[in-house]
1. Of 93, 462, 378, whose Cα points farthest to the positive end of the dipole of the chain (charges on the beta-carbon: +1 Lys, Arg; -1 Asp, Glu; origin at the Cα centre)?
2. I'd like the distance between the alpha-carbon centres of the range 224-282 and the range 285-312, rounded to an integer number of Å.
3. Per residue, what volume in Å³ does the convex hull of the Cα atoms of the range 1-132 enclose?
4. For the range 319-327, just list the computed ³J(HN,Hα) in residue order, Karplus coefficients 6.51, -1.76 and 1.60, θ = phi - 60°, integers in Hz, with x standing in for Gly and Pro.
5. What does the charge add up to near residue 157, with Lys and Arg as +1, Asp and Glu as -1, over the other residues with Cβ less than 12 Å from its Cβ?
6. If you average over every viewing direction, what projected area does the convex hull of the Cα atoms of the range 381-500 give, in nm²?
7. Under the rule of at least 5 residues apart or a separate chain, name every residue whose amide H is placed under 5 Å from the amide H of residue 4.
8. What is the P(r) of the range 88-204, as percent of Cα-Cα pairs per 5 Å bin from 0?
Amino acid sequence: MKYIFVTGGVVSSLGKGLAAASIGTLLEHCGLEVTMQKFDPYLNIDPGTMSPYQHGEVYVLDDGAETDLDLGHYERFVHCRLTRLNNLTSGKVFEHVLEKERRGDYLGKTVQYIPHVTDEIKQRLYDVTEQNKDCDVIITEIGGTVGDIEGYLFLEALRQFALEVGRSNCCFIHVTLLPYIKAAGETKTKPTQQSVAKLREIGIQPDIIVCRTEMDNLTDGEKKKIGMFCNVPPRNVVAFCDVKHSIYECPIDLGRDRIDRIVTEVLGITVPHPKMADWQQFVGRVIHPNHSVRIAVVGKYISLQDAYKSIYESFTHAGAANDCRVEVVRVDAEALEQGNPEEIIGDVDGILVPGGFGDRGIEGKIAAARYAREKGIPYFGICLGMQIACIEFARNVLGLADANSTEFDKHTPHPIICLQEEQKHIETMGATMRLGAYPAHIKPGTLCSSLYGGEETISERHRHRYEFNADYREAVEAAGLVISAVNDEHGLVEVVELPGHPFYIACQYHPEFQSRPTHPHPLFSGLVAAALRHKKED
Ligand code: GLN
């Protein structure tokens with residue numbers, strides 16, 4: 001097994017995750033089998049309980065792990081299927097160490113950061129190696145910035161690990177910032193030198209320096225200087241520029257300085273040049289589509305760039321497949337609570353209500369669903385967005401005025417969305433969530449069935465607590481709502497749709513976690529296609 005470790009220097013938000021994922025894309029296109037993981041130095045056990053304000057989206061894996069959103073990039077940029085082993089936080093590391101201490105596993109020894117905590121981190125690398133025997137390369141991104149106290153134990157563990165598996169099987173890549181000082185008209189290398197010095201203090205000499213720069217590339221002089229003071233050949237200094245249109249340009253951008261050649265040389269492997277034609281083609285369709293649509297995303301965290309990351313990426317994939325740019329109109333659900341929907345979302349070609357927790361903005365989302373249903377605007381509800389569609393239908397079609405989810409109104413007379421009986425006694429936060437991949441059966445002859453190309457059983461990822469209340473099934477069906485997919489084992493409603501409407505579909509699961517650049521999710525593609533038709537008719 002070969003190992004690539006990606007660290008970051010100088011500042012955060014450099015796009016380290018994207019750089020790691022892009023290197024994965026390039027290596028995969030050279031014919032290597034790649035998997036990826038992230039080490040996060042914070043103390044939360046996982047990002048599951050963190051606010052989107054803190055951490056952006058929580059990305060859910062097949063096995064139900066709630067992970068860092070960078071794992072979303074990994075699965076979108078590389079054909080890997082990740083598991084809970086692929087995201088490790090300090091919280092998890094300490095949890096294990098302390099459990100072992102209580103169990104007496106340390107046989108009365110003093111439990112120390114080194115070796116016990118660092119051993120725990122190294123063990124994860126060995127476990128992931130064991131789990132991915134058919135892979136050629138494991139790329140590990142270390143969260144945070146070199147020099148942070150929190151990250152120290154992880155870097156120390158990597159230093160030891162490289163010694164154990166052989167330094168020639170490891171490639172350390174340091175992603176850093178080259179600030180451009182306007183007044184001096186110069187790109188500055190000093191912060192990079194200092195952050196590499198910090199790494200070397202710990203005993204890690206990076207093999208490759210990836211320089212994030214606003215410029216279009218690095219000059220030979222800059223490469224030489226950075227190489228000299230960071231102790232690498234100038235060729236191993238690679239530019240990572242601001243991409244102009246799309247993050248999917250990143251692998252192409254990093255490929256310009258031939259990072260795939262340098263990495264494989266460091267690792268001592270010989271592979272053909274990357275064949276990027278399919279990726280190039282996809283990027284071309286993202287950048288130069290012939291059509292465009294405007295789709296409103298009505299949510300609570302609309303001002304945050306990262307809160308609905310996978311949804312925005314899914315639009316990019318579905319847009320490319322439909323030769324169409326999706327302009328996302330971010331609508332704050334609370335604005336719809338007082339305002340007139342006509343004024344706020346009257347001119348969009350489609351409406352998406354994404355997942356969410358808590359009651360803020362709920363009535364605004366219900367207003368959006370109603371507006372879409374009544375005006376024939378394509379509607380797609382995800383998770384909370386399906387619950388919203390059901391509440392709206394119950395209130396305004398069935399005439400159950402106070403229908404609600406018990407999440408928002410514990411005493412509603414019409415709990416059309418509620419907890420399942422067996423969940424009710426479990427109080428601990430998170431303990432009752434339905435997480436990860438579950439199968440669903442699709443009813444033939446439905447919109448859902450045609451979107452999934454006639455597939456009968458699908459597997460989709462979930463992250464929610466409340467479910468459609470089966471007591472209302474007959475009533476909603478009699479009134480015209482079609483339940484087009486269910487989980488048979490637990491009798492749970494997975495998809496609802498409205499026949500007779502141009503496009504009105506909502507699912508309890510999160511399709512956005514399985515959309516891929518060249519395999520857009522059918523429900524997103526369906527929405528974009530419906531929005532295009534809606535626009536043409538207008
Ligand atoms: N809050 C809802 C639930 O827990 C929906 C969750 C979601 O949209 N992810 O069921």
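Rule-based calculations on the coordinates, nothing more; no lab input. Treat the numbers as computed from the prediction; the structure is a model and nothing was measured. Cβ coordinates were reconstructed from backbone atoms using ideal geometry, including for glycine residues, and neighbour counts include every protein chain displayed.
1. Towards the positive end, the residue furthest out is 93.
2. Each part's Cα centre sits 28 Å from the other's.
3. Taking the convex hull of the Cα positions in the range 1-132, it is 131 Å³ per residue.
4. x, 4, 5, 9, 6, 9, 8, 9, 8
5. Summing Lys and Arg as +1 and Asp and Glu as -1 gives -1.
6. The number I arrive at for the range 381-500 is 7.5 nm².
7. 138, 139, 140, 171
8. 2, 9, 17, 19, 17, 13, 10, 6, 4, 2, 1, 1, 0
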